[in-house]
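A.B. asks: Have a look at this one.
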Amino acid sequence: MKLPQIALASCLFLASACATVPITGRRQLSLVSDTEMNTMAATEYQKVLASSQVVNSGNEAAMVKRVGQRIQQAVEMYFRQQNAQAQLEGYAWEFNLLNDKQENAWCMPGARWQCTPVFCPLLRMKPAWPW
């Protein structure tokens, strides 16, 4: 008798934890709020920056920031057109070049972007990218 009640309670919990993804409209299980996720990401991002060598000058650093700003402008414009600017609340747009030999680029929740110099040649492929 208890098993059906537990199953029903579990289903109700999972259904209440579902959220809609802003751009695609698909449903996803969301057990952590956006605010909490952004706070955790900001903490981890500061740890990454503290343990990495951030490149602040030079052509590649400028290019990463320029590409990042264009991505930011495009995202903000899209959300404005969709009348969904509230979805971007709490975003702290940052674009950094990390001195690392790995080919890597990534973004954390809250719009904190990083890439490495090895990845930069891909950013220069103007025909393939809108920047």
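A.B. asks: For region 27-47, which residues satisfy the criterion of being assigned to a strand (DSSP E or B) and basic (Lys, Arg)?
C.D. replies: Matches in region 27-47: Arg27 only.
A.B. asks: When you scan region 64-78, do you find a residue that is on the phi < 0 side of the Ramachandran plot, among the aromatic types (Phe, Trp, Tyr), modelled with pLDDT under 80 and exposed (fewer than 15 other Cβ atoms within 10 Å of the Cβ), even just one?
C.D. replies: Checking region 64-78: not a single residue is on the phi < 0 side of the Ramachandran plot, among the aromatic types (Phe, Trp, Tyr), modelled with pLDDT under 80 and exposed (fewer than 15 other Cβ atoms within 10 Å of the Cβ).
A.B. asks: May I ask you to list pairs of residues, at least six apart or on different chains, whose Cβ atoms are under 8 Å apart, with the first in region 98-124 being of a type outside the set (Asp, Glu) and the second being in a strand (DSSP E or B) and exposed (fewer than 15 other Cβ atoms within 10 Å of the Cβ)?
C.D. replies: Leu98/Val54; Asn99/Val54; Trp113/Trp106; Gln114/Trp106; Cys115/Trp106
A.B. asks: Using beta carbons and a limit of 7 Å, which pairs, at least six apart or on different chains, have the first residue in region 57-72 and closer than 16 Å to Ala92 by Cα and of a type in the set (Gly, Ala, Ser) and the second one exposed (fewer than 13 other Cβ atoms within 10 Å of the Cβ) and modelled with pLDDT of 90 or more?
C.D. replies: none
A.B. asks: Working only within region 79-97, note down all residues that are without any contact (Cβ under 8 Å) to a residue 12 or more places away in the chain and within 17 Å of the chain's Cα centre (by Cα).
C.D. replies: Hits for region 79-97 are Gln85, Ala86, Glu89.
A.B. asks: If you don't mind, there's one more thing I want to ask. Here is a list of conditions, (1) part of a loop (DSSP other than H, G, I, E, B); (2) within 24 Å of Glu36 (Cα to Cα), and Phe79 meets all of them except one; can you say which number that is?
C.D. replies: (1)
A.B. asks: Which of (1) loosely packed, with under 11 Cβ neighbours inside 10 Å; (2) on the phi > 0 side of the Ramachandran plot; (3) modelled with pLDDT of 85 or more is the odd one out, the single condition Gly110 does not satisfy?
C.D. replies: (1)
The values are calculated or read from the model by the stated rules, or taken from the named source; none is laboratory data. Predicted model only: the values in this text are computed from it and were never measured. Don't worry about glycine lacking a Cβ; one is built from the backbone with ideal geometry, like all the others, and counts go over all protein chains shown.
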